[in-house]
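Readers should treat all values here as calculations from the given coordinates under stated rules, not as data from a laboratory. Quick caveat: nothing in here was measured; it's all calculated off a predicted structure. When we count neighbours, we look across all protein chains shown, and the Cβ atoms used for this are built from the backbone with ideal geometry, even at glycine.
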Amino acid sequence: MIRPMSVRARPRQFDLIAFDWDGTLFDSTALITHSIQQAVQDVGGARPSDQAAAYVIGMALTPALAHAAPDVPPEQYPQLAERYRHHYLARQHDINLFEGVLPMLAELKERHHWLTVATGKSRRGLNDVLASRQLHGVFDGSRTADETAGKPDPRMLLELMREFGAEPERTLMIGDTTHDLQMARNAGCASVGVSYGAHPSDDFAALAPRFVAHSVPELHGWLARHA
C-alpha cells in the first residue's frame with residue numbers, strides 16, 4: 001500500500017505527473033509515422049499522409065492502424081499490426097529520449113512528485129524500451145493501452161490516481177497529442193501539451209492545457225516554476 005505524501009513533502013501544485021511516452025519523452029514520432037505508412041503499403045493499402053499517420057500516435061495499436069488505413073479490411077488488421085511491429089522494431093534502437101529529459105525527470109523526483117507513464121504502447125513495448133535505456137527506477141508507475149483502454153479513454157489516468165491516492169486536481173498529464181489532452185479532461189486532470197511531437201499545437205487550444213511547451217527545456221522550466 002502506497003502511503004500518501006507528508007504535508008512537508010507535497011510539491012507546489014501536483015502530486016502525480018503522468019507523461020505520455022512517444023513524442024513527449026521519446027523522440028519516436030518520425031519512426032512511428034514511417035512504420036505506419038510502410039505497414040499499410042505492405043498489406044496493399046494506400047499510403048497515409050504524414051499528417052494522417054502521425055494523428056493516430058498515442059492511440060492503441062489496432063484502432064490506430066485501422067484509422068490510418070480505412071481501405072484495409074478488418075480481417076487484415078493482424079497482418080497490418082505485424083508489419084508495423086516489423087518496421088518499428090527494425091529501427092527502434094536508432095532513437096532515444098529527447099535531450100534534457102533525464103535531468104528534468106531527476107529534478108522532479110527530487111521534489112517528491114510521483115512520476116508515471118500513460119502510453120498507447122503495449123506493456124511489452126514499454127517494458128522493453130525502459131529496460132533498454134535503464135529507466136526502470138525513474139518512474140513510480142505506468143499504464144499501457146493494452147492493459148487498460150486506449151486514449152482518450154481516461155482509464156489509464158484513473159487507475160494511476162487510484163494506485164497513488166492522488167486527487168484529479170493534483171494530477172497533471174503531459175503529452176504531444178490531442179488524445180493525451182482529451183484523456184486528461186475526461187479524467188478531470190490538468191494537462192500540458194508539447195508541440196515537438198505528433199500533433200500540431202494549434203489543435204490544443206480547445207482542450208485548455210495549462211501550458212504548451214515548444215521544447216524539453218521549456219517544459220522543464222515551466223514544471224520547475226509551476227508544478
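With r as the distance between the Cβ atoms of residue 203 and residue 86 and R0 = 30 Å, compute the FRET efficiency 1/(1 + (r/R0)^6) and round to 0.05.
On the way: r = 30 Å, r/R0 = 1.01.
Efficiency, rounded to the nearest 0.05: 0.50.
In vacuo Debye scattering of the chain, one point per C-alpha: log10 I(q)/I(0) at q = 0.11 Å⁻¹?
Rounded to two decimals, the profile gives -0.52.
Compute the helix-to-body angle for 178-187: its Cα long axis versus the longest principal axis of the chain, expressed 0 to 90° and rounded to tens.
It works out to around 50 degrees.
May I ask you to sort 139, 204 by Cβ crowding, counting other Cβ atoms within 10 Å and putting the fewest first?
Fewest-to-most ranking of 139, 204: 139, 204.
Quote the FRET efficiency, to the nearest 0.05, computed for residue 67 versus residue 106 with a Förster distance R0 of 45 Å and r equal to the Cβ-Cβ distance.
Calculated transfer efficiency: 0.80.
Fully extended, how many nm does the chain gain between residue 163 and residue 226 (0.36 nm per residue separation, minus their Cα-Cα distance)?
Stretched fully, the residue 163-residue 226 segment lengthens by 20.3 nm.
Mind checking the angle between helix 123-132 and the chain's longest principal axis? C-alpha axes, 0 to 90 degrees, to the nearest 10.
70
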